[in-house]
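The values are calculated or read from the model by the stated rules, or taken from the named source; none is laboratory data. Predicted model, so just to flag it, every value in this text is computed and none were measured. Cβ placement follows ideal geometry from the backbone for every residue including glycine, while neighbour counts extend to all protein chains displayed. Protein only, heavy atoms only, side chains kept; ligands, DNA and RNA dropped before computing areas. Shrake-Rupley method; radii C 1.70, N 1.55, O 1.52, S 1.80 Å.
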Amino acid sequence: MPCPDESPKRCTNHSAMNIAPVHIDALKSLGYTEAEARFLHLVATHSGYFVARQFLAFANAHWGERTTTFWDKLHTKKHARTERFPKRGIVYHLFSRRLYHQIDRENIRSRRQHEIEYIQRRIGILDFVLSNLQYRYLETEPEKVNFFCDQLKTPRHFLPCKLYHGQRTSQPTLRYFVDKFPMFLDGDAASTVVTFTYLQGPEAGLTEFVHHLEVYLPLFRQLSEFRVLYLARVDLHFGKAKELFNALVAVPLGSDASGDLLRYFQIRKAWDLGRYGSLTEADLIFRNQAKMRFTGQRFEYLYRGWRVGRVTESSIVQEFGGSKHDVTAHFATEVLCRVGDPAQEPAGKD
């Protein structure tokens, strides 16, 4: 499915981003204009990588002296390097430790070089941010940790984390939210409903998406309401992604998911065995509703295992015991469009 709007996207609402003036001033002190400083702040915070069309769209500029001057600054000051990939064209990598330090982003791992699959995903993330400057993003690891732990009172051990082992002389480091997918609140200043995003990579399947949901599930259980936005360049996996979200997140977080699932299995077994007289009208209504709720391969596998005794009721209660409080989980999909007009690029596309 193509993007809903095939016209080139322009990113002119720069004021919507809540960028600290001190950070803009710090980048301007390095010789960059206001627009360049704002763009570099977005790149350093969200992606570490960008392509020419993204800067052209953000600055509402065309190829010419202005863009040439910007590229020359980046190279002369050794703030960015260019990397050329076959069939992908030129990618700019913002790697300067000094530049990241100027805006308190020195611990962001985007300064390191990465493989093309990683770079494609980071460029996709920047496309999303540039298309949605109106959101209030939780930008850095400390900002995210403080929001959940201090504002929402979520115990730290429920946050998704990863242990990094340093050199023999250094202590291991525990890092949180290492995937760095955009996370944001809506425009209401009082809102605490978080939208988590996931960007589908070039891999053919959804194994990584499943792992991502499993890693975040402990945090999801602690929230009263949240949203998950699944992003991809095409809509190939949208239906399956929703099915997986319902099976792995929405259903387990239901108030009494295990009880409802077992009742559905019992009614379904009676129906499959032709014991129609044992079922009430309420049972049949519940069966039709539950059939929509518990759809997908995972529940089919559990049902077959439960019928033959391979899956016990206690294991279902343990897995789908529900949350200790009501949780409202929203899921949406969106085709991720490329910001700007690719035809403006002289050599390849991202």
Scanning region 39-69 residue by residue, those without any contact (Cβ under 8 Å) to a residue 40 or more places away in the chain and either buried (at least 23 other Cβ atoms within 10 Å of the Cβ) or within 22 Å of the chain's Cα centre (by Cα) (or both) turn out to be F39, F55
Report the residue count in region 207-247 for those that are hydrophobic (A, V, I, L, M, F, W, C), over 14 Å from the mean Cα position of the chain (by Cα) and farther than 22 Å from F148 by Cα.
5
Which condition number does S258 fail, the rest of (1) in a helix (DSSP H, G or I); (2) of a type in the set (S, T, N, Q); (3) open to solvent by 50 Å² or more (accessible area, probe 1.4 Å) being met?
(3)
Can you work out which of the residues in region 48-81 that are out of contact with any Asp or Glu (no Cβ under 9 Å at 6 or more places or on another chain), not in a helix (DSSP H, G or I) and not hydrophobic (A, V, I, L, M, F, W, C) is nearest to P182 (Cα to Cα)?
G48
Filtering strands (runs of 3 or more DSSP E) wholly in region 149-188 for at least 2 residues that are at pLDDT 95 or above and out of contact with any Cys (no Cβ under 7 Å at 6 or more places or on another chain) gives 183-185
Out of all the residues in region 188-222, which are aliphatic (A, V, I, L, M) and surrounded by fewer than 13 Cβ atoms within 10 Å (Cβ to Cβ)?
A189, A190, A204
Mind checking which residues of region 223-249 are touching a Lys or Arg at 6+ places or on another chain (Cβ under 9 Å), open to solvent by 40 Å² or more (accessible area, probe 1.4 Å) and hydroxyl-bearing (S, T, Y)?
none
May I ask you to list pairs of residues, at least six apart or on different chains, whose Cβ atoms are under 6 Å apart, with the first in region 256-267 being aromatic (F, W, Y) and the second being at pLDDT 90 or above and surrounded by fewer than 20 Cβ atoms within 10 Å (Cβ to Cβ)?
F265/Y303
Top-ranked residue in region 293-314 [being at pLDDT below 90 and open to solvent by less than 50 Å² (accessible area, probe 1.4 Å); ranked as farthest from the chain's Cα centre (by Cα)]:
F294
Would you confirm, using the coordinates I've provided, whether K269 is open to solvent by 70 Å² or more (accessible area, probe 1.4 Å), over 30 Å from G124 (Cβ atoms), of a type in the set (K, R) and part of a helix (DSSP H, G or I)?
no
Hey, Y176 hits all of (1) over 15 Å from R121 (Cβ atoms); (2) open to solvent by 30 Å² or more (accessible area, probe 1.4 Å); (3) of a type outside the set (A, V, I, L, M, F, W, C) but one; which does it fall short on?
(2)
Per the filter on region 273-292, residues in contact (Cβ under 8 Å) with a residue 24 or more places away in the chain and open to solvent by 80 Å² or more (accessible area, probe 1.4 Å) are K291
Answer residue from region 117-135, given it is out of contact with any helix residue (DSSP H, G or I) (no Cβ under 7 Å at 6 or more places or on another chain) and not in a helix (DSSP H, G or I) and is most open to solvent (accessible area, probe 1.4 Å) among those
Y135
